[in-house]
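Student: Here it is, the structure in full.
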Amino acid sequence: MRIKNGGFAPSKDTTFSCESKSPSKIKVPKGKYLVETLEFKGPCKSAVTFEMNGHIMAPSKATPGKPHCGWINFEKLENFILNGHGAIFDGQGATAWKINDCHKTFECKNFPSVRFDFVDNAEIKDVTSLDAKNFHFNVISGKNMTFDNIKIIAPAESPNTDGIHLGRCEGVKILNTKISTGDDCISVGDGMKNLLIEKVVCGPGHGISVGSLGRYGWEQDVNDIKVINCTLEGTDNGLRIKTWPSAACTTTAAGIHFEDIVLNNVSNPILIDQEYCPWNQCDKNKPSTIKLVDITFRKIKGTSGNKDAVKLLCSKGHPCENVEIGDINIEYTGADGPPTFECTNVTPKLVGTQNQRLVLDLWSRHLAKRRSQLGRDEVS
């Protein structure tokens, strides 16, 4: 472990813990510590527990870092426990938010965050992340990891502060967690397999998102994503799958399952967006080449913040396959009319019971589209 400008210096204990052939612990005592960078890098010879009792603060200055480098780094660890006891990673991000001008430059500045890279068989529990400069937790290439009782806090206006971002991991669980932030509460990147998100409360934020997918040519398939028994409150989006048009790769995202979700004033509650193109960085005339297969939305109830209750905008190049919508009860009481159900390049299977106004809207759109097609056939 290496620490710069830190208030504690566990170098001897860390070396002993990593070299020890029997399970060992590293303890951060109670108190506040200003830490410029911290790196805990394996492999270690046995299981290690990081007992964190203190309030660890990043420098308040906004200094972009190198790509793939974090503020707090946990790397190449196995059989690892981070026990937070309610302790805080404090990113002091307000200065960074003011200069993170992604919408103008198209490139977000790489402000360091808490990273878990190549961490296997791990449990991260009872930790708070406060005011991160960028992603709160960035989790890449891990296996069999559990995040339990995590609290993530940042203002709704803080840009690019995804709560937990995951990519190329397998067997991750996110449980009993509360996320309030300025971007996606949880964002699922490429290469994810066997992810369970359960009992998560999200809001404010941009919802729970699979994607965006397709921006880069080296991306991998996504499989077996479950989001169950979660609550979204006042988020800009709800349950979202997003892929880029004119995608740089051809991959498949399959087995994505949302169930038992409660919504409270959530805009765009159910959204498949295969025309995702932030800041006009793509060619919308080229359909997305990301295939979406075996997608289900079940037992979703509550209130929408706009009339677009269900919006399934699939790719005309690769229409969505086997999409199932069941037991949906989403209400909207705005002045611009009842909730709507829009589908493009997909014919979802409706099961269970639905909000009748949504079903009527779906069928009226289908009939209007069918009449338009018949009219064109007659002209031709």
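No value in this document is a laboratory result; all are computed from the given coordinates. Treat the numbers as computed from the prediction; the structure is a model and nothing was measured. Neighbour counts are summed over all protein chains in view; Cβ atoms, including those assigned to glycine, are modelled from backbone coordinates with ideal geometry.
Student: Stretch Leu196-Lys349 to full length: gain in nm at 0.36 nm per residue minus the Cα-Cα span?
Tutor: 52.7 nm
Student: Next question, about the same structure. Quick check: pseudo-label points 7 Å beyond the Cα along Cα→Cβ at Asp101 and Glu321, how many nm apart are they?
Tutor: 4.5
Student: For region 105-201, run through the GluC sites (Glu not before Pro) and keep only the ones in DSSP coil with at most 15 other Cβ atoms within 10 Å of their Cβ.
Tutor: Here the GluC sites (Glu not before Pro) that fit, given the DSSP loop and packing criteria, are Glu107, Glu157.
Student: Sticking with this one: Restricting attention to region 18-67, which trypsin sites (Lys or Arg not before Pro) occupy a DSSP loop and are surrounded by at most 11 other Cβ atoms within 10 Å?
Tutor: Lys21, Lys30, Lys61
Student: Using every pair of alpha-carbon atoms in the chain, split the distances into 20 Å bins beginning at 0 and state the percent of pairs per bin, rounded to integers.
Tutor: With 20 Å bins starting at 0, P(r) equals 28, 54, 16, 2, 0.
Student: Rg/Rh for region 1-179: what does it come to with C-alpha atoms and Rh from Kirkwood?
Tutor: 0.95
Student: Then there's this: With the cut-off at 1.5 for a/c, could you classify region 184-380 from its C-alpha gyration tensor as rounded, prolate or oblate?
Tutor: oblate
Student: Taking the Cα centre of region 57-148 as origin, sum charge times position over the Cβ atoms of Lys and Arg (+1) and Asp and Glu (-1), and report the length of that vector in debye to the nearest 20.
Tutor: Taking the Cα centre of region 57-148 as origin, the dipole is about 440 debye.
Student: Between Val262 and Asp336, what length in nm is gained on full extension when 0.36 nm per residue of separation is reduced by their alpha carbon distance?
Tutor: 24.3 nm
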